[in-house]
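One structure is given below, encoded as structure tokens.
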Amino acid sequence: MDRVVGHSSNYLKIKRLATVCARGGSKGLPGKNLRPLLGSSLVERAVFQALDTKLFDLVVVSSDEHDILNEGRSAGAGLVLERPAHLASDTASKMSAIQHAVNKAESNFGSHFETIVDLDATSPLRSLEDIKGAVTLLEENQVSSVITGSLARKIPYFNMVEINDAGYVVLSKPTSPVIERRQDCPPCYDMNAAVYVWRREMFMQNPMVFYPDTMIYVMPEQRSYDIDTALDFEFVELVMKKHLIESASN
């Protein structure tokens with residue numbers, strides 16, 4: 001049986017929900033969600049960011065690990081959820097974990113959300129403005145979902161290749177006539193997993209990243225790094241230290 005930890009009120013009206021879904025297991029960087037990054041863990045930073053935006057009526061942390069749940073509670077999350085084992089395996093989708101969080105939060109608070117936002121704990125470089133901008137983009141345009149990303153370094157029309165069935169290298173997205181200059185390619189973007197925003201009804205009926213009307217909130221490259229490995233962690237830490245030094249000197 002799922003265990004819900006947190007406070008509740010049958011009369012609390014909630015519009016926006018932020019989720020921070022962080023499993024205990026990590027193949028690329030074990031324990032990464034609790035690893036200190038300039039004094040705060042990745043889970044803490046995600047919860048702090050959600051709270052600092054002043055956008056959300058409730059912030060939920062979902063995890064299969066008690067230490068992560070305790071970290072989320074200490075950081076100020078209004079609800080922490082012990083995730084069932086079948087939603088915390090290597091093959092389980094994050095969408096199912098978010099759906100579980102929405103259902104449990106709505107049941108616990110006797111309320112209904114309109115906007116669902118997921119903040120990936122491994123994207124600590126995103127700013128409060130990025131979160132606000134992505135939410136505003138969804139709500140002002142009444143679309144099903146918004147993702148975040150940055151301009152791509154590699155372009156499928158120009159310098160991204162794949163191996164075809166014959167074993168030969170071909171452009172990932174060939175055109176006719178062939179595009180010979182990067183500047184002539186349509187803008188392409190790398191998803192950065194920093195912020196996902198959904199209109200609740202669409203997400204709960206059909207949980208997907210992409211819908212026909214999905215929009216993208218574009219972030220700069222310097223805020224678009226996702227931590228999967230020890231090298232990623234060291235790089236993000238270096239970027240944050242550099243930013244602190246520059247802020248102190250201004």
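The values are calculated or read from the model by the stated rules, or taken from the named source; none is laboratory data. What you are looking at is a predicted structure, and each value in this text was computed from that prediction instead of being measured. Note that each Cβ is placed from the backbone with ideal geometry, even for glycine, and that neighbours are counted across all protein chains shown. The protein model used for the area step is the full one, side chains on, heavy atoms only, and it has no ligands, DNA or RNA in it. Shrake-Rupley method; radii C 1.70, N 1.55, O 1.52, S 1.80 Å.
The figures follow:
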quantity: Any strands (runs of 3 or more DSSP E) falling wholly within the range 1-79 and containing at least 1 residues that are in contact with a helix residue (DSSP H, G or I) (Cβ under 6 Å, 6 or more places away or on another chain) and modelled with pLDDT of 95 or more; calculated: 16-21, 58-63
quantity: Wholly within the range 146-223, strands (runs of 3 or more DSSP E) carrying at least 1 residues that are touching a residue at least 60 places away in the same chain (Cβ under 8 Å) and open to solvent by less than 50 Å² (accessible area, probe 1.4 Å); calculated: 189-199
quantity: Residue within the range 96-110 that is open to solvent by 10 Å² or more (accessible area, probe 1.4 Å), outside any helix (DSSP H, G or I), among the acidic types (Asp, Glu) and touching a Phe, Trp or Tyr at 6+ places or on another chain (Cβ under 9 Å) present; calculated: no
quantity: Selection within the range 89-113 - within 20 Å of GLN205 (Cβ to Cβ) and over 20 Å from the mean Cα position of the chain (by Cα); calculated: GLU106, SER107, SER111, HIS112
quantity: Number of the condition not met by SER247 [criteria: (1) open to solvent by less than 80 Å² (accessible area, probe 1.4 Å); (2) modelled with pLDDT under 95; (3) of a type in the set (Gly, Ala, Ser); (4) not in a helix (DSSP H, G or I)]; calculated: (4)
quantity: Whichever residue in the range 127-145 is open to solvent by 10 Å² or more (accessible area, probe 1.4 Å) and not in a helix (DSSP H, G or I) and, among such residues, is nearest to PRO212 (Cα to Cα); calculated: VAL143
quantity: Filtered residue count, the range 224-244, keeping only those that are over 26 Å from PHE113 (Cβ atoms) and not in a helix (DSSP H, G or I); calculated: 5
quantity: Tally of residues being more than 29 Å from PHE203 (Cβ to Cβ) and of a type outside the set (Val, Ile, Thr) across the range 137-172; calculated: 14
quantity: Scan of the range 55-90 for residues that are of a type in the set (Gly, Ala, Ser), in contact (Cβ under 8 Å) with a residue 12 or more places away in the chain and surrounded by fewer than 24 Cβ atoms within 10 Å (Cβ to Cβ), ordered by number; calculated: SER74, ALA75, GLY76, ALA85, ALA88
quantity: Residue tally, condition of a type in the set (Val, Ile, Thr), over 15 Å from the mean Cα position of the chain (by Cα) and open to solvent by less than 50 Å² (accessible area, probe 1.4 Å), over the range 224-242; calculated: 2
